[in-house]
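Single-structure report; data block below.
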Amino acid sequence: MRIGAHVSISKGFPSVFDEIKSIGGNCAQIFSHSPRSWRFKDPQNVEEFRERYKKEDIKPIVIHNSYLVNLASMDEELHKKSMENTIKEFETAKSLGIDYVNIHPGSNRDPKIGLRRIIDSLNRIETDVYLLLENTASKIGSKFEDLEYIIENIEIETGITLDTCHAYAAGYDIVNDLDGVIGRIDESIGLKKLKLIHLNDSKFDLGSKRDRHEHIGIGKIGVDGFRKIINHPELRKIPKILETPVDQRRGFKENIEFVKRLIE
Ligand SMILES: [Zn+2]
Ligand SMILES: [Zn+2]
């Protein structure tokens with residue numbers, strides 16, 4: 001099974017391999033720069049990264065976009081920066097040979113206008129790096145149909161990331177009706193387009209619309225919920241990235257070990 005975590009590249013891009021090995025993972029997600037800043041540095045040690053990516057059994061590696069980006073925004077300045085930032089993410093992924101760029105769709109007071117703006121924005125981007133749209137806890141992207149609508153209307157190759165915490169908070173009951181939820185993804189987007197799972201427990205209840213991640217098994221999805229998710233025949237083969245908290249209770253290493261013990 002492919003399981004890893006969102007790790008830091010504060011010691012440079014190639015350090016992701018040592019970081020992920022030290023916690024027992026075999027796939028990874030990174031920010032290409034500080035997620036709370038618009039500042040981009042040109043990636044360093046690109047060749048070293050590419051070499052190691054070829055050699056190491058750590059795949060896939062995914063770039064998650066920054067928290068500031070909102071491609072659905074009506075604020076022209078914010079939208080312009082969001083576009084520039086998104087283009088930079090794709091360029092960075094391309095130069096490093098990274099498989100996917102994962103983005104949150106965005107938010108707008110009028111979701112219909114927001115969806116249109118996301119589609120228009122993404123249609124101005126040319127790349128052959130695969131885009132992943134992540135489902136969200138609230139706003140645009142909290143319904144699988146939003147993601148389906150974007151995918152149907154854009155040119156670049158696009159799939160989805162299923163964040164378990166976001167899905168649960170958005171009201172998809174992956175604890176008591178996992179097959180039903182997977183069926184809904186299949187009917188709308190198609191399971192072939194599900195490329196990544198963000199494996200997070202949820203601090204808040206089903207349908208709470210609140211996005212607060214919790215350690216695996218400790219939150220509202222719980223141990224039995226994750227046992228079903230991990231072992232579901234349609235989900236087993238999909239890489240899983242932890243975005244759980246790092247605190248006194250557990251770090252990523254402990255959560256990865258916890259998940260591995262649930263594998264049947
Ligand atoms: Zn995310
Ligand atoms: Zn996520």
Given (1) in a loop (DSSP other than H, G, I, E, B); (2) within 18 Å of the chain's Cα centre (by Cα); (3) of a type in the set (Asp, Glu), number of the condition residue 148 does not satisfy: (1)
Only listed residue being over 21 Å from residue 7 (Cβ atoms) and out of contact with any Lys or Arg (no Cβ under 7 Å at 6 or more places or on another chain), chosen from 260, 228, 253: 228
Single match in 171, 180, 159 (criterion: farther than 19 Å from residue 244 by Cα, away from ligand 1 (no atom under 16 Å from the Cβ) and touching a Phe, Trp or Tyr at 6+ places or on another chain (Cβ under 9 Å)): 180
Any hit, region 92-108, residues being within 16 Å of the chain's Cα centre (by Cα), in a helix (DSSP H, G or I) and either closer than 30 Å to residue 178 by Cβ or at pLDDT 95 or above (or both): yes
All positions within region 163-181 that are crowded, with 20+ Cβ neighbours inside 10 Å and either assigned to a loop (DSSP other than H, G, I, E, B) or touching a residue at least 40 places away in the same chain (Cβ under 8 Å) (or both): 163, 164, 165, 166, 168, 169, 172, 174
Candidates 184, 227, 261, 250, filtered to the one that is loosely packed, with under 14 Cβ neighbours inside 10 Å and either of a type in the set (Lys, Arg) or in contact with an Asp or Glu (Cβ under 8 Å, 6 or more places away or on another chain) (or both): 261
Residue that is nearest to ligand 2 (Cβ to nearest atom), among those in region 49-86 that are surrounded by 14 or more Cβ atoms within 10 Å (Cβ to Cβ), free of Cβ contacts under 8 Å to residues at least 40 places away in the same chain and not in a loop (DSSP other than H, G, I, E, B): 63
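The values are calculated or read from the model by the stated rules, or taken from the named source; none is laboratory data. Because the structure is predicted, anything quoted here is derived from the model rather than measured. Ideal geometry is used to build each Cβ from the backbone, glycine not excepted, and the neighbour counts take in all protein chains shown.
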